[in-house]
1. What are the chymotrypsin sites (Phe, Trp or Tyr not before Pro) within segment 1-90 that DSSP puts in a loop, where the Cβ has at most 13 other Cβ atoms within 10 Å?
2. PRE reach from residue 2 (point 7 Å along Cα→Cβ): which of segment 17-32 fall under 18 Å by backbone N?
3. What percent do you get for the relative contact order of the chain when only Cα pairs under 8 Å and 6+ apart count?
4. Rank by packing, highest mean first: peptides 94-103, 213-222, 158-167, with packing defined as the count of other Cβ atoms within 10 Å averaged across residues.
5. Can you give me the long-range amide H partners of residue 142? Hydrogens built in the peptide plane at 1.01 Å from N, cutoff under 5 Å, separation of 5 or more residues or another chain.
6. To the nearest µm²/s, what D does Stokes-Einstein give for the chain at 20 °C and 1.002 mPa s, using the Kirkwood radius over alpha carbon pairs as Rh?
7. Which entries of 105/242; 26/58; 28/388 have Cα-Cα distances beyond 22 Å here?
8. Nearest 5 is fine: what % of DSSP beta bridges in the chain come out antiparallel, could you say?
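The values are calculated or read from the model by the stated rules, or taken from the named source; none is laboratory data. Here the structure is a predicted model, which means the values were calculated and not measured. No Cβ is skipped: glycine too gets one built from the backbone with ideal geometry, and neighbour counts run over all protein chains shown. These area figures cover heavy atoms from the full protein model, side chains too; ligands, DNA and RNA do not enter into them. Shrake-Rupley method; radii C 1.70, N 1.55, O 1.52, S 1.80 Å.
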Amino acid sequence: MFSERFVLADRVLNVAPSPTLAVNAKAKALRAAGADILNFSVGEPDLSTPAHVCEAGKRAIEEGRTRYTPAAGILELRQAVCTKLKEEQGWDYQPDDVQISCGGKHGLYNIFQAILNPGDEVLIFAPYWVSYPPMVQLAGGTPVIVPLRQERRFDIDPDVVARYITDKTKAIVLNSPSNPTGAVYSLAALAEVARMALAGGWLVITDDMYEELFYGEGRVPHILHADPRLQGQTVLSNGVSKSFAMTGWRIGYSAGPREVIRAMNKIQSQSTSNPAAPSQYAALAALTGPQDFPRQMREAFLPRRAYFVDALEAIAGVSCVAPMGAFYVFPNFSAYYGKTFNGRVIDGSVALADYFLSEAQVASVPGAAFGADDFIRFSFATSLDTIKQGMARIKQALAALR
Ligand code: GLU
């Protein structure tokens, strides 16, 4: 008989599969089986990849640019990342300071693999994106969860951060706009984190995947704006998945200290070799071509965001901070915990998300997956019509609880 404990490695037994991908797969399977599921689970733009980007990918295939590339990614794309960072942010990077990876997710995985030794601690804010803690664990590190509060609109409280610092603190992950809260950290809080990071010598990892989806004025505050001296110990992580609706192409990029990037390249050369060549040429077209797509997407999301937040806030007992970026709402449903449906107790976000799926045919991701059980995440990267229907169903489902 197959014995998991005997056959499988502890590192894999100690982590769960990605819940965002799992719920999405379940919703799709139910829909394929004929159920009328409204899917608010996975975070993926509902717009198509821009035509000129698809054309560039096709052209790469037709012209035979289908072979191995350098492990770090093609030079033109790494150069394009440097140009973007210089033009948009004023930061200087050379192509050797940049790695192209199989999605932003894989870039983050490479970073943790490159920097962590057993026992090294990584500060991660909760609510967190589902994959940060398992990625740290898979690299042998220890995730240290620093809570953020809804009352502060999920901004960082530097005094709270200070309580979690130890002599093992090696790195901190910043994600602004945040998945799942949509929070954008204030420059003042980032300046305090910068001070602590400089004093502690930590590596700062910024997951900037949602930078283009910002609903405020100007650009998203960034820790390198708070203190440019941090550039020598910061790794930026980003990609084209969200900004150019390219989730399936799997192209991300990281920029940081050359030694860290070189170590990440070593890992990539021994694992994936390189991200798919045609995808890299498509990403090159995305970064160097017309830049109006992210703005169009942002404009398409604005009315959805407004409707979702208003409709949630209008339900008794539900509160929802308006997201300042990304495409998620993260309402607090804890007032409904302890209620029952047909004798079944809704004892937390997993039970409530299950109830929404089975009774309202609405797929969402329980807050527990993000380290915040009071909440449930809904993606609004879907049509306004779907959101309206979904909200009507959720309202009805909540009203049926006793
Ligand atoms: N980042 C997206 C999400 O949170 C994509 C799925 C994933 O990789 O987690 O839904």
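1. Listed in order of number, the matching sites are 2, 68.
2. Inside the label zone: 17-18.
3. Once divided by the residue count of the chain, the mean separation gives 23 percent.
4. Ranked by mean Cβ neighbours within 10 Å, highest first: 94-103, 213-222, 158-167.
5. Sorted by chain and number, the residues that satisfy this are 119, 120, 121, 122.
6. Here the translational diffusion coefficient equals 98 µm²/s.
7. In this structure, 26/58 exceed 22 Å between Cα atoms.
8. The antiparallel fraction comes to roughly 45 percent.
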